[in-house]
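The values are calculated or read from the model by the stated rules, or taken from the named source; none is laboratory data. Bear in mind the structure is a predicted one, so any value in this text is a computation, not a measurement. Every residue, glycine as well, gets a Cβ built from its backbone with ideal geometry; the counts of neighbours run over all protein chains shown.
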Amino acid sequence: MNETTPHIVGLGNALVDVVAPVEAEVITRHKLTPGGMHLVDAEAAHALFSEVGPGVRQSGGSVANSIAHLADLGVKGTYLGKIAEDDLGATFTEEMRGLGISAPVAAAPQGETGTGRCVVLVTPDGERTMSTFLGAAVTLEPGDISPDHITGCGILFVEGYLWDAPHGPAVIAKAAEEAKKTGAKVALTPSDPGCVERNREAMMGFINDHADILIGNHTEIGALSGTDDTEAAMDWALERVGIVALTEHEKGSLVADSTGRHRVQAEPISKVVDSTGAGDAYASGFLGGLVLGKPVQDAGRMGAELAARVLGHYGARDGAAARAIALPAA
């Protein structure tokens with residue numbers, strides 16, 4: 001690991017969360033399931049976004065959330081993804097830079113697909129219904145990644161969802177190769193079990209060829225390893241990478257490296273408000289601890305502390321969007 005600069009580079013899908021109060025009939029009219037999360041195409045996304053208006057906006061995306069949380073740790077963060085030259089793209093870059101995060105995101109020409117967005121519709125009863133359009137995020141290409149973006153980092157953190165994009169495998173391979181040239185560690189989050197099922201062969205090849213760190217919850221690592229037993233999943237992971245963090249919700253996490261395995265208890269909180277983004281926050285604390293030179297068990301505790309903060313409010317990050325989700329629609 002690069003010991004001169006505590007710096008993490010994240011690679012993933014750049015999205016903007018847009019929170020808007022609506023009446024219940026809007027959910028029905030757009031053929032959405034109340035309380036569900038839906039992936040939608042460009043036409044459906046445009047129709048919905050045109051109706052709900054600007055809403056309350058906050059940049060998002062799994063690894064983007066992890067990199068944003070580094071602002072709380074004093075660790076330098078850089079985020080690589082793709083946006084469009086539109087208002088939402090400006091929101092994404094301005095917010096990341098406002099956190100002190102370098103975001104040299106590539107920009108697709110305006111009008112092609114639009115910046116990826118997750119529209120969170122809040123009905124008068126407080127229910128949240130999410131509609132996600134990946135947009136420009138899935139147009140990321142290897143040419144959008146410059147070696148200069150990665151040089152000097154200690155860890156490159158890769159989002160599994162990228163394998164679903166047309167050029168995702170090539171983008172991931174290029175970034176990992178550039179990271180290895182500079183002596184950086186490469187970390188992977190599988191993203192979710194469905195993503196593993198769709199891309200298992202590619203992920204396995206990446207783990208064998210490039211990954212040094214594997215971080216995910218027990219269902220994600222379980223999907224990769226083919227077991228729902230935590231210890232067996234850890235055995236499987238440690239045969240392939242040097243550092244592992246496996247989270248188990250209220251049970252805390254199991255972390256391991258060459259020093260052995262360590263159980264890290266979840267941080268106590270008075271009430272779990274929303275689990276959205278807790279895994280992103282944990283990854284930030286864990287990887288931040290590693291790049292700062294902390295022992296793996298201390299890094300696990302840093303991850304638990306950041307996750308607990310997220311569990312106490314709505315949304316993956318604090319801020320205007322999280323507060324808007326918490327309020328019933330007017």
Residues that are farther than 24 Å from L70 by Cβ and part of a strand (DSSP E or B), drawn from segment 133-165:
F133
Subset of segment 216-252 (residues that are buried (at least 18 other Cβ atoms within 10 Å of the Cβ), closer than 17 Å to G285 by Cβ and of a type outside the set (S, T, Y)):
G216, N217, I243, V244, A245, L246, G252
Among the candidates T78, T139, T123, T93, residue that is touching a residue at least 60 places away in the same chain (Cβ under 8 Å), among the β-branched types (V, I, T) and farther than 22 Å from P6 by Cβ
T123
Does any residue of segment 182-191 turn out to be surrounded by 16 or more Cβ atoms within 10 Å (Cβ to Cβ), closer than 19 Å to A283 by Cβ, among the polar types (S, T, N, Q) and within 15 Å of the chain's Cα centre (by Cα)?
yes
By residue number, the members of segment 290-311 that are assigned to a helix (DSSP H, G or I) and either more than 17 Å from G260 (Cα to Cα) or among the aromatic types (F, W, Y) (or both) are V291, M302, G303, A304, E305, L306, A307, A308, R309, V310, L311
Given the conditions (1) in a loop (DSSP other than H, G, I, E, B); (2) surrounded by 15 or more Cβ atoms within 10 Å (Cβ to Cβ); (3) modelled with pLDDT under 95; (4) of a type in the set (A, V, I, L, M, F, W, C), which single one is not true for I325?
(1)
Evaluation of P169 against (1) surrounded by 22 or more Cβ atoms within 10 Å (Cβ to Cβ); (2) over 18 Å from L290 (Cβ atoms); (3) modelled with pLDDT of 90 or more (one fails), failing number:
(1)
In segment 144-162, how many are touching a residue at least 24 places away in the same chain (Cβ under 8 Å), out of contact with any helix residue (DSSP H, G or I) (no Cβ under 6 Å at 6 or more places or on another chain) and over 19 Å from L15 (Cβ atoms)?
5
Give V105, V63, V75 a once-over and let me know the one that is β-branched (V, I, T), touching a Gly at 6+ places or on another chain (Cβ under 8 Å) and more than 17 Å from N13 (Cα to Cα).
V75
Which numbered condition E178 fails, given (1) within 18 Å of the chain's Cα centre (by Cα); (2) surrounded by fewer than 24 Cβ atoms within 10 Å (Cβ to Cβ):
(1)
Residue count, segment 174-208 (criterion: in a loop (DSSP other than H, G, I, E, B) and of a type in the set (A, V, I, L, M)):
1
Is it the case that segment 52-75 has a residue that's of a type outside the set (A, V, I, L, M), touching a Pro at 6+ places or on another chain (Cβ under 8 Å) and touching a residue at least 24 places away in the same chain (Cβ under 8 Å)?
yes
Considering each residue of segment 209-223, count those that are assigned to a helix (DSSP H, G or I) and within 17 Å of R263 (Cα to Cα), and give that number.
2
Quick one: is L88 within 29 Å of T33 (Cβ to Cβ), outside any strand (DSSP E or B), of a type in the set (A, V, I, L, M) and over 15 Å from the mean Cα position of the chain (by Cα)?
yes
Could you go through segment 258-272 and let me know if any residue there is crowded, with 19+ Cβ neighbours inside 10 Å, free of Cβ contacts under 8 Å to residues at least 60 places away in the same chain and over 21 Å from the mean Cα position of the chain (by Cα).
yes
Search result, residues across segment 120-132 that are out of contact with any helix residue (DSSP H, G or I) (no Cβ under 8 Å at 6 or more places or on another chain) and in a strand (DSSP E or B)
M130, T132
In segment 165-213, how many are more than 22 Å from H149 (Cβ to Cβ) and either touching a residue at least 24 places away in the same chain (Cβ under 8 Å) or polar (S, T, N, Q) (or both)?
13
Would you check which residues across segment 224-256 are assigned to a strand (DSSP E or B) and not polar (S, T, N, Q) and list them?
I243, V244, A245, L246, L254, V255, A256
